[in-house]
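The structure appears right after this line, and notes come after that.
What follows is calculated from the coordinates using simple rules that are stated; it is not laboratory data. None of the values given here were measured: they were computed from a predicted structure. Here the Cβ positions follow ideal geometry from the backbone for every residue, glycine too, while neighbour counts run over all protein chains shown.
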C-alpha cells in the first residue's frame, strides 16, 4: 500500500549502540506499538490510522529510546510531499542532550547503513538531500518551532506541564494528513482536570478518539491485556525481562527513593513535587475512592471550617467533618459557585446553606479580611470565629493522622492535587509559587476541629471549634 519500509523492516537493518542487532533489543510489546503507530493506515491506504500516540511506562523501559527511533524512522523512511521536518521536544536541557546524544550514537553505530544519508551537526541531524531534519530541543527553547509544520513531533516527559500552551503552539498542521505526534512520559506531578497529561490519560481510557493510540503501563492501570493481571511492579515495567538478572533493581530503588519518587518513576503513578510535605501513599490511601461527599446523619456531631477569599484569585472553600470509630471523616469540601472572579458574599450565602443542612450553627475560619466575614456569617445566623492556629500547624497535626490511617477524605481532584502539592518552604508548610491551598486548607481545618474537640470546654466559640447545635 505504501512505498516505504515498515518500522520493523527499517530496524532490522540496524544495530543498537552496543553492536547487537537492533530488532533483538525491541521486545514484542514495543514492536506492536511501532507497527500500530507507523504501519497502520486508514481505508485509503495512505492516511495513518493514528496521528497521536501516548506511551507511558516506568523508568528504564526504553521510552526515550523509542521516541528517538521513531524520529529517525520518520526522518529517513517516510516520503512526505511537504518534507520530513521532525522535532523532539524534551522536558529540559539535560533530557534534550541525552536524546540528541542517543540519536548521534545510533547513526555512528550504523554508519554503513545510514551514514551517507544524513549530516550530523551539533544540535540537529539533516538529510543530505535537503528533504528534512531532526531537531531535539528542550521545552523552554522550542519557541522557535511554534507554528511550524512538521511530519513528526515527539514530546519527551511532559509530567511537569501545567497548561496547554506548548501543545497548542505545536499543534499539527491540519493540511498535513501524514503528520504524527508521539508523547512519552512518566505520570504527571499534577493529577487534576486541566493538566495535559491527566486529560490525555482520561481521553485514552474513554477511547472515543479513533486516531489516538493509548499505550499505558502503570501499577494501577495497564492497556496491555497480557500484563494487566500481574503485580504493579510488572505492569509498570514491561521491559523488566531485559534487565540484568539478579540485580534486584526495583527492590533497590524502593529502598533508596522517597515513596513519591518511587511511585512516579517505577510504578508510573501520579507523583508529588520535590520537598512534598505529605507522604503521597498515606494521602492517597486516605481518599475514599468514588465518594465526593456524605449526607447529613443526625447521630453525628459536625464541625465546619472555611477558607475565605476576596474572590479575585483564590477559591473560597468550606470543609465539614465528623468523628466516627476513631477516624476524622471529611464529609465534604466545596467552593463557591463558579470560577474566579466571584462575589465572596455569595460564597458566604452558599456556605451558610450547607452548614445549616448539617446542623452547624457555629463555624471557624482563617483571619482573612479581619472581621468582614464574621459579620457576614453572623448576619445569616452562623457564629464565626477566626482560627488562632496557623495553617502550617493545621498541616503538621494532619500529617501523623494521615500516616496512621486516622483520616478519610472525599475523592476530589483539586483536594488531591493541593494535598500532594504542599511543600516545606523554610519553617512553613505552603503551596508552591503560583499554586493554591484553599481546598486542602478547608479539609485540614475541619480535621483539626474534629481532632481537638475534646480539649475544649464551653464556651467553645473562644477556640474556634464548633459543634452541632443541640
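Evaluated at q = 0.18 Å⁻¹, the base-10 log of the normalised Debye intensity for the range 237-345, with identical point scatterers placed on the Cα atoms, takes the values -1.03.
Ordering 4, 322 from the fewest to the most neighbouring beta carbons within 10 Å gives 4, 322. Using a Förster distance of 25 angstrom, determine the FRET efficiency expected from the C-beta separation of residue 220 and residue 252, and round it to 0.05. Between residue 220 and residue 252 the formula returns 0.65. Relative to the longest principal axis of the Cα atoms of the chain, the long axis of helix 63-77 makes an angle of roughly 40 degrees. One decimal place: the segment residue 245-residue 98 gains 50.3 nm when fully extended, by the rule 0.36 nm per residue minus the C-alpha distance.
The C-alpha atoms of the chain define a longest principal axis, and helix 344-357 lies at about 70 degrees to it. Taking the number of Cβ atoms within 10 Å of each Cβ as an exposure proxy, the fewest-first ranking of 159, 198 is 198, 159.
As a rough footprinting exposure proxy, the listed residues 387, 74, 234, 42 were ranked by other beta carbons within 10 Å of their own, and the order from fewest upward is 42, 234, 387, 74.
Considering the range 285-463, its Cα convex hull presents a mean projected area of 10.1 nm². Quick one: angle between helix 93-109 and the longest Cα principal axis of the chain, in degrees between 0 and 90, rounded to 10, please. Roughly 20 degrees between the two axes.
Taking 0.36 nm per residue of separation and subtracting the Cα-Cα distance, full extension of the segment from residue 105 to residue 361 would add 85.2 nm.
Note on residue 120 and residue 35: the model spin-label points, each 7 Å out from Cα along the C-beta direction, lie 3.1 nm apart. Relative to its Kirkwood radius, the Cα radius of gyration of the chain gives an Rg/Rh of 1.07. Both numbers refer to the Cα atoms of the range 48-162; Rg and Dmax are 13.7, 43 Å. Residue separation of residue 349 and residue 43 scaled by 0.36 nm, minus their Cα-Cα distance, works out to 104.4 nm of gained length. For the range 7-266, the alpha carbon positions stretch 51, 42, 38 Å along the principal axes, listed from largest to smallest. Expressed to the nearest 5 percent, the antiparallel share of DSSP beta bridges inside the chain is 45 percent.
Out of all DSSP beta bridges in the range 98-211, what portion is antiparallel? Express it as a percent rounded to 5. Among the beta bridges of the range 98-211, antiparallel pairing accounts for roughly 55 percent.
In the chain, helical runs assigned H by DSSP with n ≥ 4 each contribute -39500 (n - 2.57); averaged across all residues and rounded to the nearest 500, the mean residue ellipticity at 222 nm is -9500 deg cm²/dmol. Restricting attention to the range 7-266, close to 25% of DSSP beta bridges with both partner residues there are antiparallel. Expressed as a fraction of 2.2 N^0.38 Å, the value expected for a compact globular protein of N residues, the C-alpha radius of gyration of the range 80-138 is 1.13.
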